[in-house]
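So the structure is just underneath, and the comments pick up after that.
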Amino acid sequence: MTGERTGTILLTGATGYVGGRLLRLLERGGERVRCLARTPEALTRLGANTEVAKGDVLDLQSIRAAMRGVDTAYYLVHSMGSSGSFEREDRIAAQNFATVAREAGVRRIVYLGGLGSGADLSSHLASRQEVGRILRDSGVPTIELRASIVIGSGSLSFEMIRALVERLPVMVTPRWVRTKAQPIAIDDVLDYLVAALEVEVGNGRVFEIGGADQVSYEDLMREYAAQAGLRRLIVPVPLLTTRLSSLWLGLVTPIYARVGQKLIESLPHETVVRDPAALEAFTIRPLGHRDAIARALAEEEQELATTRWSDAVSSAGLGADRYGGARFGRRFVDSRSVHVPVSPAEAFAPIQQIGGETGWYFADGLWHLRGFVDLLAGGVGLRRGRRDPTELTPGATVDFWRVEAVEPDRLLRLRAEMKLPGRAWLQFEVDRDESGSTIQQTAIFDPVGLAGAAYWYGLFPVHSWIFGGMVRAISQAASSGRGDA
């Protein structure tokens with residue numbers, strides 16, 4: 001029997017990729033959660049039953065207070081980004097966590113580790129499995145879930161595959177791209193983590209979890225290319241060291257070379273499920289890699305439609321002063337805000353009249369030039385204008401944009417319909433503040449291939465100047481009470 005849970009769940013890694021998503025699931029389930037974080041201010045918009053404790057698993061004393069009254073503890077931390085010995089840091093952190101959990105009478109530890117077997121495991125995989133052994137040897141019943149590649153927007157392995165496919169029409173690849181793996185969708189990983197709260201564990205158990213099929217990294221790259229509508233040529237080469245591969249990744253993907261090297265060292269090892277016990281102990285039936293990729297891309301579209309970019313950019317600590325703006329998944333985001341001493345309705349009025357006869361409030365000559373270039377390229381240009389000078393509805397055209405979403409006095413999102421090497425949106429949000437309103441303007445670009453990235457970075461100074469001038473002019477129009485430029 002698993003026993004009845006009566007205490008708090010301690011969650012480490014809540015600011016990370018898996019932990020952040022798990023936190024939302026636990027909150028929806030009504031669980032009492034305590035997040036252990038080195039930077040508590042990074043955790044915002046928490047549920048009513050969630051608290052944050054400042055602490056670091058490398059500091060034994062700092063985690064004792066956080067562990068009081070804890071029923072189940074999730075261990076979702078690692079030191080791959082460390083500039084020193086990540087194996088030593090992972091070992092100390094796991095020993096600290098195991099010691100304090102035992103002292104506090106924790107009922108269960110749940111740990112997410114990595115698949116792989118054999119005596120010649122990479123330092124990364126060996127360290128992940130050593131952490132599992134330390135936790136299991138603590139005397140606290142421990143469930144260790146060992147996973148292969150996690151497929152989901154934002155996961156390290158998936159973002160590496162995505163960046164390679166999107167940026168390189170021809171990929172010269174080492175032998176490790178043919179190594180077998182058993183990729184698993186992030187939603188399935190989260191289901192296992194939640195189910196691990198109650199599954200029978202005894203004194204501790206290791207479960208190998210993977211998707212429905214075994215495929216190679218090359219298979220994953222080809223499948224991503226197919227679903228993204230990209231044609232890619234993959235050319236294998238016999239020799240390409242892990243050092244050269246990691247430096248290459250650092251140039252063409254968002255992954256740092258240091259982390260990339262540790263990841264690549266693990267890629268020659270097969271990460272497939274050899275023990276099917278998880279399928280017997282859990283009712284979860286994971287997706288195959290095609291469905292997992294499709295779901296990741298579909299969830300990105302849903303997230304794009306529902307994200308408040310004003311919150312997303314501020315929480316990431318990235319603003320308009322960074323060249324190229326911020327990155328969210330594969331998308332580039334350039335956002336800026338201005339305060340206006342008027343109500344949200346007055347602030348939104350000039351936004352609602354943008355385009356058509358009103359124009360774009362700044363550098364209209366360049367907007368007309370862009371429309372002319374679009375016409376030459378076979379696009380719609382600026383000739384469509386807008387049907388109503390003051391009202392906007394979803395689906396309405398605004399020059400070479402289309403209204404994707406509009407909420408009176410609060411939100412306008414336009415989707416570009418000009419010829420581009422990617423997809424683009426321009427969004428305006430208006431919120432009331434202490435002395436008036438804040439207008440947040442966000443340009444979002446979803447590039448296709450290397451041409452898309454080159455387009456964004458090459459024109460970023462021009463776009464930044466135009467969009468900056470536009471939002472300032474809109475604020476001036478709102479402040480003066482004018483409904484047009």
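Readers should treat all values here as calculations from the given coordinates under stated rules, not as data from a laboratory. Just so we're clear, the structure is a prediction, and the values are computed from it rather than from any experiment. Positions of Cβ are backbone-derived with ideal geometry, glycine not excepted, and every protein chain shown enters the neighbour counts.
Can you tell me the orientation of helix 257-266 relative to the chain, as the angle in degrees between its alpha-carbon axis and the longest Cα principal axis, to the nearest 10? Tilt relative to the chain: about 50 degrees.
When you restrict to C-alpha pairs under 8 Å that are six or more residues apart and normalise by the size of the chain, the relative contact order lands at 12 percent. Computed from Cα atoms alone, the Kirkwood hydrodynamic radius reported for the chain is 24.8 Å. Considering only beta bridges that DSSP places wholly inside the chain, some 55 percent are antiparallel. Charges were assigned to the Cβ only: +1 to each Lys and Arg, -1 to each Asp and Glu. The resulting dipole of the stretch 307-479 about its Cα centre is roughly 640 debye.
Among H289, H463, the ranking by other beta carbons within 10 Å of each residue's beta carbon, starting with the fewest, stands as H463, H289. Placing +1 on the Cβ of every Lys and Arg and -1 on the Cβ of every Asp and Glu, with no other charges, gives the stretch 35-176 a dipole of roughly 180 debye about its Cα centre.
Using θ = phi - 60° in the Karplus curve 6.51 cos²θ - 1.76 cosθ + 1.60, the 3J(HN,Hα) couplings for the stretch 358-363 round to 5, x, 10, 6, 7, 6 Hz; x is entered for Gly and Pro. On full extension, the segment bounded by A48 and I234 gains 62.0 nm, given 0.36 nm per residue less the C-alpha separation. From most to least packed by mean Cβ count within 10 Å, the peptides 35-47, 391-403, 153-165 give 153-165, 391-403, 35-47. Ordering V235, G422, V57 by Cα displacement along the dipole of the chain toward the positive end leaves V235 in first place; charges were set at the Cβ atoms of Lys, Arg (+1) and Asp, Glu (-1).
Helix 449-479 axis versus longest C-alpha principal axis of the chain: approximately 60°, rounded to the nearest ten.
Under a 5 Å amide H cut-off, with hydrogens placed 1.01 Å from N, L115 pairs with A147, S148 among residues at least 5 apart or on other chains. Pairing the Cα long axis of helix 186-195 with the longest principal axis of the chain, what angle in degrees results, from 0 to 90 and rounded to the nearest 10? Between the helix axis and the principal axis of the chain, the angle is about 50 degrees. Farthest towards the positive end of the charge dipole of the stretch 307-479, among the residues F372, W401, L382, is the Cα of F372, using unit charges on the Cβ of Lys, Arg, Asp and Glu.
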